[in-house]
Amino acid sequence: MPGGTDQTLRPFLWRSERFYPDTEIVSRTADGIARYTYSEYADRVRRLASALDAAGITAGDRVATFCWNHHRHFEVYFAAVTMGAQLHTINPLLPVDHVRHIINEADDRVVLVDPSLLEALEPAVESLASNPVEQFVVMGETAPETELDPVTDYESFIGSHDPAFDWPAVSEDQPAGLCYTSGTTGKPKGVEYTQQMLWTHTMATQSPQGIPIADDDVVMPIVPMFHVNAWGIPFSATAGGAKHVYPGPSPDPEDIAQLIEEENVTLSAGVPTVWLGLQEYVREHEVDLSSLDRVVVGGSAAPESMIEWFGGHGVEVLHAWGMTEMTPIGTVSHLKHDLEDESKETRIDKRSKQGLLVPGLEFRVIDDAGEQVPWDGEAFGELLVRGPWVTTEYFARPDATEEEFADGWLKTGDVVTVDPDGYVEIVDRTKDVIKSGGEWISSVELENVIMGHDAVEEATVIGVEHDRWQERPIAFVVTGDDEGTIESEVLAVLDEQFPKWWLPDDVVFIEEVPKTATGKFAKRVLREQYTDASVFDGEPPEEAAPDSE
Ligand code: AMP
């Protein structure tokens, strides 16, 4: 191998421990702020790796987490990956049968779970036909009463294990991570990340055209660590030797504002919903945002008003687009240097687009006829991408389909335009999943249940724009029966089967669902007719949204 060593994550951990032993890692926990240094962090990471090793975990085994953003979760990030195992982050907001499917398919041997998420995990594990999990570890100093078995608490698990644990040699082709994403149909699909994918993604995000992080940064990822490794930020912040701040379980705008002020956060990252919440809070409270330098906004489109608002506080918005399939960063909306003298309007317009592809990736935009569209900012087509950190298959599904991949390119399902400067803008989605507050809701699953009602003739669910949650589901139903009765019955059945935030904000009764030429439901037609959730009478109750802020 001409390059000397493989592209693995070990050097990032080594670098931060040796160069920045006193830099802090801070975590908001149920018991207050936990605080230690990279030096202590690295010791605990090796103790955890040693404990996992003693529990029989070896290369290729999957270590799952069911956790919010905190220091222990961050310890699993480097321990599992650097020892050659696979870090499998599970999204605790998913419906129970998705969690069951994911644990079963991933064959997780160890699951580390937050105390506050035990109730969400237990029913999934209980209903597994055969349980692959040999050890549950509750994140804390004691394990509360639980049906999970065998169970121990995290501090006892890492106990007196060896802080001098020797890292084994690991190959760059080895799977290092696993994260599930919502499919357009059916159950979530797994995306595996090799060591090399994580390494190349970290290096690309560290470039000036990515989301570079340096040793004078204080980085707070609000995007959950169960979402594509919090967009890779725990890895890139470590590579850069930055101070880390983890906001703990379900931080609200007040918690976020407080952490920014008290820890002097310079860079934070989250979905637009998080920032809308902070904006609202800052309008009503005295908050010192002066330490904040950059905010990464992604997962859904960043509204122009948000970019302006942050700009007014001296904060640069890095609008980023990506996908679970891309580890996840694809584009970042940096302003090209020759656009810096353009009018404010042009600059904001550019920044509010999804942006320029980060170095190392290539893209194509293909129209319905299979032709590449011109870069004129008007013609649109599906975005295809390829590169070292873009997957070419789904986990445990060797039969990649033509809808998903084409000749080594990932078909993103995002419909985009490209302007003459190369800025990509998402204008639609070919996929019909709904994104509410950064979390996916499967329209297909809601439809299947609604259509299961005897008196429902046709039903479809679309996402419509929503000020706070970006998109909310609205159900369209055709029935010959009493509409009021059907609405309450349908909502009651959905309530039994799905988390509250999946429930449609409104049920609209129509004569017929519009169809395409091939007889499929033409959701695009409905989306054009119903563009804004505020036109519906049902306002979502507070809990009708993911608890992920
Ligand atoms: P996920 O795999 O959950 O990260 O979701 C990826 C999808 O989220 C993309 O294919 C887009 O449809 C959407 N997405 C991500 N970032 C953005 C963004 N900045 N603007 C609009 N949509 C986005």
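Table: residues versus (1) of a type in the set (A, V, I, L, M, F, W, C); (2) surrounded by fewer than 17 Cβ atoms within 10 Å (Cβ to Cβ).
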residue	(1), (2)
TRP275	yes, no
GLU284	no, yes
ILE307	yes, no
GLY311	no, yes
GLU340	no, yes
ARG351	no, no
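Screening the stretch 164-191 for residues that are out of contact with any Asp or Glu (no Cβ under 8 Å at 6 or more places or on another chain) and assigned to a strand (DSSP E or B) and picking the one that is nearest to MET83 (Cα to Cα) gives ALA176. In this structure, ARG386 does not satisfy being within 24 Å of the chain's Cα centre (by Cα) and closer than 22 Å to PRO504 by Cβ. Of all residues being more than 10 Å from the ligand (Cβ to nearest atom) and either assigned to a helix (DSSP H, G or I) or open to solvent by 10 Å² or more (accessible area, probe 1.4 Å) (or both) in the stretch 317-338, which is nearest to GLY387 (Cα to Cα)? Just the residue, please. Applying the filter and picking the extreme gives HIS334.
Considering only residues in the stretch 21-57 that are touching a strand residue (DSSP E or B) at 6+ places or on another chain (Cβ under 7 Å) and under 16 Å from VAL110 (Cα atoms), the one that is surrounded by the fewest Cβ atoms within 10 Å (Cβ to Cβ) turns out to be ALA55. All of GLY298, GLY232 fail the test of being open to solvent by less than 10 Å² (accessible area, probe 1.4 Å) and on the phi > 0 side of the Ramachandran plot, apart from GLY232. Is there a residue being exposed (fewer than 15 other Cβ atoms within 10 Å of the Cβ), part of a strand (DSSP E or B) and of a type in the set (D, E, K, R) anywhere in the stretch 463-474? Within the stretch 463-474, none of the residues are exposed (fewer than 15 other Cβ atoms within 10 Å of the Cβ), part of a strand (DSSP E or B) and of a type in the set (D, E, K, R). Could you check, for the stretch 309-316, whether at least one of its residues is assigned to a loop (DSSP other than H, G, I, E, B), within 25 Å of the chain's Cα centre (by Cα) and of a type in the set (A, V, I, L, M)? Within the stretch 309-316 (the criterion being assigned to a loop (DSSP other than H, G, I, E, B), within 25 Å of the chain's Cα centre (by Cα) and of a type in the set (A, V, I, L, M)), the answer is yes, since at least one residue qualifies. Has the stretch 136-153 got any residue that is closer than 30 Å to PRO359 by Cα and surrounded by fewer than 21 Cβ atoms within 10 Å (Cβ to Cβ)? No - not one qualifying residue is present in the stretch 136-153. Residues in the stretch 366-401 that are within 18 Å of THR181 (Cα to Cα) and modelled with pLDDT under 90: 5 in all. None of ASP414, ASP432, ASP428 is assigned to a loop (DSSP other than H, G, I, E, B) and either more than 10 Å from the ligand (Cβ to nearest atom) or not small (Gly, Ala, Ser) (or both) except ASP432.
The values are calculated or read from the model by the stated rules, or taken from the named source; none is laboratory data. The structure displayed is predicted, hence computed values, not measured ones. Cβ sites come from the backbone with ideal geometry, for glycine too, and all protein chains shown count toward neighbours. Note: areas computed on protein heavy atoms with side chains; ligands, DNA, RNA excluded. Shrake-Rupley method; radii C 1.70, N 1.55, O 1.52, S 1.80 Å.
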